[in-house]
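Written out below as structure tokens is the structure these notes cover.
The values are calculated or read from the model by the stated rules, or taken from the named source; none is laboratory data. The model shown is predicted, which means the values in this text are computed figures rather than measured ones. A quick note on method: Cβ atoms are made from the backbone with ideal geometry, for glycine too, and the neighbour counts reach across all protein chains shown.
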Amino acid sequence: MKILALLTFFSTIQSGSTQLPAAPIMPFVDRGACPFEGCVYRDWKAKRQVVAYEMWDSRASVRPFFTVRPGETVTAMTGVVIVTAAGRARIFREVSQKGTSRDFPNQSVTVTLHPNDMVYLLTYHGEGGYTAWFRGVLFDLDTSDFQQPDVPGAVYSACVRTQTCKGEVLEYPKKVWWVQIRNATGQIGWTDHTTNQDFEGQDRFGLSQREADQLVQQLRELSPIMAMPSPEAMRMEQRRRDLYSEFRQLGDNALPALREDSVTPMFNSEGMSRWR
């Protein structure tokens with residue numbers, strides 16, 4: 001892979017082939033990554049009991065080291081995102097993207113993608129941004145103007161309405177996120193219990209769970225009204241937009257609630273603008 005990457009440093013990668021290129025080797029290990037918009041390593045507060053292990057590599061013997069109790073604050077020092085299955089995106093329009101090779105730091109490379117090229121998606125960084133892989137080279141790819149798959153949790157693609165999508169995300173990558181934590185006594189371990197159900201404090205833009213619950217309740221109350229394409233529903237449109245704009249700043253805090261109740265369908269109501 002390094003030889004292939006080196007050959008691309010001083011030239012633009014060209015491709016018009018519709019053949020699926022060789023996939024990146026899995027798992028893809030991204031040390032130091034923080035896998036969502038607003039993700040931050042700092043003091044985190046445990047919401048429930050969490051076990052810390054001596055190391056993160058599941059291929060080795062991983063033994064419990066210490067336990068974090070509910071309400072206890074630990075310092076999240078760094079993390080490792082392990083992509084176990086790459087996502088895929090197909091290109092519709094030509095895209096040129098400058099990036100830096102991770103195999104040879106500080107070496108610039110320009111990747112030119114053509115219609116029907118297949119790109120593999122690895123670490124997600126938020127706001128549609130991924131570390132992407134194409135023919136042996138890693139680079140940053142913005143998929144915010146790509147059509148998204150019809151799966152739970154996917155954002156709506158505004159480019160579909162305007163027919164300006166640069167590509168289509170066929171499937172999202174699958175990952176495991178391990179975080180190195182240090183407790184008050186100085187013990188350092190690793191945990192893969194890293195969701196907003198385990199800790200609070202991971203999202204610099206996030207609200208507290210109480211504030212997130214209040215906003216979800218407001219969205220839930222709007223849902224029956226928004227399901228009807230009535231004059232009142234249209235008057236509520238601006239309120240809906242304001243609430244959703246605020247909701248998008250929550251990070252992961254509100255997502256579990258939205259996936260479990262009837263709030264999400266209101267953003268796809270018949271007769272209303274479909275957006276997220």
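When you check PHE28 against the structure, is it touching a Pro at 6+ places or on another chain (Cβ under 9 Å), surrounded by 13 or more Cβ atoms within 10 Å (Cβ to Cβ) and under 23 Å from ALA132 (Cα atoms), yes or no?
Yes: the conditions hold for PHE28.
Between residues in the stretch 119-144 that are in a loop (DSSP other than H, G, I, E, B) and residues that are modelled with pLDDT of 90 or more and of a type in the set (Ser, Thr, Tyr), which pairs lie under 9 Å by C-beta distance while being six or more apart or on different chains?
Hits for this filter: GLY128/THR143; THR143/TYR130.
Which pairs have Cβ atoms under 8 Å, sit 6 or more apart or on different chains, and link a residue in the stretch 165-179 that is within 10 Å of ALA89 (Cα to Cα) to one that is of a type in the set (Ser, Thr, Tyr)?
GLY167/THR143; VAL169/THR143; TYR172/TYR124
Whether any residue in the stretch 195-202 is among the acidic types (Asp, Glu) and in contact with a helix residue (DSSP H, G or I) (Cβ under 9 Å, 6 or more places away or on another chain) is what I want to check.
yes
For the stretch 76-91, does any single residue satisfy the condition of being over 30 Å from VAL179 (Cα atoms) and at pLDDT 90 or above?
Looking through the stretch 76-91, at least one residue is over 30 Å from VAL179 (Cα atoms) and at pLDDT 90 or above.
Looking at the stretch 27-39, I want the residues that are touching a residue at least 60 places away in the same chain (Cβ under 8 Å) and have a partner that is surrounded by fewer than 20 Cβ atoms within 10 Å (Cβ to Cβ) and not in a strand (DSSP E or B) with Cβ atoms under 6 Å, at least 6 apart or on another chain. Which pairs are those?
GLU37/GLU127; GLY38/ARG204; GLY38/PHE205
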